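Beneath this line is the structure, given in structure tokens, with notes to follow.
The values are calculated or read from the model by the stated rules, or taken from the named source; none is laboratory data. The structure presented is a predicted model; accordingly, all values stated were derived computationally and were not measured. Reconstructed Cβ throughout: ideal geometry from the backbone, glycine too, with neighbour counts over all protein chains shown.
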Amino acid sequence: MSVPAAIEIPDRPLFKASEVCELLKLQPYVLKTWEAEFPDLGVSKTSGSGRVYRRGDVEQVLRIKHLLLVEGLTLAGVRRKLEGEAPQVAADEPMLDDLFGQQARERLTELKRGLTSILAMLNGPPAGTEFSLAPPEEPVRAKASAKPAVASARKRAARS
């Protein structure tokens with residue numbers, strides 16, 4: 001298996017794991033293994049969802065692939081080599097807050113407010129207030145199906 005000389009990475013800020021695998025011709029289990037070896041790869045989007053990769057992460061995965069397959073290093077050798085190099089973060093690479101946007105921050109704030117209100121309800125009513133259940137204002141009517149049964153019983157009694 002050889003690494004292509006030049007892989008064109010699309011000009012996007014974020015990539016899904018499946019996109020990285022397709023772009024770099026990797027199996028998903030290989031990418032997962034490399035994530036375990038290099039914890040700085042990828043960013044957990046939200047709990048329960050997949051990881052996303054910045055453009056710099058995709059370039060880093062490409063570099064790891066090259067070091068392993070072309071230069072013949074082991075994972076430990078790749079880790080040592082990468083630690084010895086200066087970080088390859090571009091100065092113009094946007095921050096994660098910019099990538100996920102203000103909308104995500106607002107959704108998280110709203111979610112926090114909702115969870116706080118649920119916690120307050122579970123802890124009980126505030127001091128000085130009393131909770132009580134009240135019956136409905138209108139009386140409950142008898143079921144409609146009971147009326148025909150009474151009427152048919154009356155008809156039978158009148159016939160006899």
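From the list THR109, THR46, the lone residue that is farther than 25 Å from GLU8 by Cβ, under 19 Å from the mean Cα position of the chain (by Cα), modelled with pLDDT of 80 or more and of a type in the set (Val, Ile, Thr) is THR109. Every residue in the stretch 58-81 that is touching a residue at least 12 places away in the same chain (Cβ under 8 Å) and in contact with a Leu (Cβ under 8 Å, 6 or more places away or on another chain), please. VAL58, GLN60, VAL61, LEU62, ARG63, ILE64, LYS65, LEU67, LEU75, VAL78, LYS81 - these are the residues of the stretch 58-81 that are touching a residue at least 12 places away in the same chain (Cβ under 8 Å) and in contact with a Leu (Cβ under 8 Å, 6 or more places away or on another chain). When LYS81 is tested against (1) of a type in the set (Lys, Arg); (2) modelled with pLDDT of 85 or more; (3) under 29 Å from ALA104 (Cβ atoms), exactly one condition is not met: (3). Here is a check on your reading of the model: is THR33 over 20 Å from the mean Cα position of the chain (by Cα) and either loosely packed, with under 14 Cβ neighbours inside 10 Å or at pLDDT below 85 (or both)? Taking the combined requirement at face value, the residue satisfies it. Only a single item in (1) under 20 Å from the mean Cα position of the chain (by Cα); (2) part of a helix (DSSP H, G or I) is not met by TYR53, and it is number (2). Selection within the stretch 8-27: residues that are part of a helix (DSSP H, G or I) and within 21 Å of the chain's Cα centre (by Cα). The member of this set that is surrounded by the fewest Cβ atoms within 10 Å (Cβ to Cβ) is SER18.
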